Amino acid sequence: NAGVMQNPRHLVRRRGQEARLRCSPMKGHSHVYWYRQLPEEGLKFMVYLQKENIIDESGMPKERFSAEFPKEGPSILRIQQVVRGDSAAYFCASSPLGGSRGYTFGSGTRLTVV
Amino acid sequence: GIQVEQSPPDLILQEGANSTLRCNFSDSVNNLQWFHQNPWGQLINLFYIPSGTKQNGRLSATTVATERYSLLYISSSQTTDSGVYFCAVGTDGNKLVFGAGTILRVKS
């Protein structure tokens with residue numbers, strides 16, 4: 001049973017480009033959560049999705065960021081027109097029934113904006 | 001929103017020593033977890049402990065919910081214990097609020 005798979009592990013983008021981060025939840029998990037970790041800080045919640053639905057996006061920046069979790073395929077966190085301040089580690093977690101107790105985290109994607 | 005404070009911010013131990021990490025939170029919670037982030041960045045769930053005491057090998061944790069704090073004990077530390085330890089709390093059943101972490105370095 002593969003864990004939560006995130007790719008790419010490392011992503012370098014120039015300012016103004018788009019970044020697409022992918023998260024494949026554990027088998028049987030239909031709830032996905034995205035968190036961002038800025039350098040030397042704790043993780044901060046961004047968005048909670050179920051298949052085809054955004055449940056809670058209270059932590060998402062209002063502009064340039066979007067997330068989806070389609071019926072088929074991985075969840076995607078998309079950042080348009082990246083800026084240096086977007087450089088961070090982005091973690092995805094999944095759970096089978098919803099709820100933070102059952103979280104399993106992926107290994108993260110480290111985004112560097114140059 | 002709820003505040004989570006961890007102490008100490010960083011800690012250096014000689015291999016074999018014991019340590020206690022603390023997590024204070026500002027409101028009632030229905031979820032409290034301890035995570036270890038290893039030097040490669042991977043997050044490992046150590047304990048789900050909204051109240052009470054649990055032990056797993058050399059690690060144990062205690063949460064006193066009425067006084068809004070939790071403690072993580074590491075005994076006979078090893079170099080592989082190095083990394084960042086995060087306390088995270090939840091109030092709505094879904095998202096977690098993380099503390100800033102304790103950076104632990106264990107020297108051989």
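For chain B, the Kirkwood hydrodynamic radius from C-alpha pairs, put into Stokes-Einstein at 25 °C and a viscosity of 0.890 mPa s, yields a diffusion coefficient of 178 µm² per second. Per-residue surface analysis assigns B:ASP27 an accessible area of about 80 Å², computed on protein heavy atoms at 1.4 Å probe radius.
Note on chain A: Cα-only Rg and Dmax are 13.1, 39 Å.
Accessible area lost on pairing B with A, both sides, 1.4 Å probe, Å² to nearest 100?
Numbers: alone 5880 and 6540 Å², together 10940 Å².
Counting protein atoms only, the buried area is about 1500 Å².
Would the protein assembly as shown count as rounded, prolate or oblate if I go by the C-alpha gyration tensor, calling it rounded below 1.5 in a/c and otherwise prolate when a/b exceeds b/c, oblate otherwise? It comes out prolate by the Cα gyration axes. Between the alpha-carbon centres of region B:72-91 and region B:34-58 there is a gap of 6 Å. B:GLU67: accessible area at probe 1.4 Å, nearest 10 Å²? Using a 1.4 Å probe on the heavy atoms, I get roughly 120 Å².
Listed here are the pairs A:LYS44/B:LYS107; A:LYS51/B:LYS95; A:LYS44/B:LYS95; A:LYS62/B:LYS95; A:LYS27/A:LYS51; which of them are more than 21 Å apart at the Cα?
Values: A:LYS44/B:LYS107 30 Å; A:LYS51/B:LYS95 17 Å; A:LYS44/B:LYS95 9 Å; A:LYS62/B:LYS95 18 Å; A:LYS27/A:LYS51 13 Å.
Over 21 Å Cα-Cα: A:LYS44/B:LYS107.
With θ taken as phi - 60° and the Karplus curve 6.51 cos²θ - 1.76 cosθ + 1.60 applied, the whole-hertz 3J(HN,Hα) list for region A:61-68 is x, 5, 10, 6, 9, 8, 9, 8 Hz, x standing for glycine and proline.
The values are calculated or read from the model by the stated rules, or taken from the named source; none is laboratory data. Just so we're clear, the structure is a prediction, and the values are computed from it rather than from any experiment. For accessibility, only protein heavy atoms count, side chains too; no ligands or nucleic acids. Shrake-Rupley method; radii C 1.70, N 1.55, O 1.52, S 1.80 Å.
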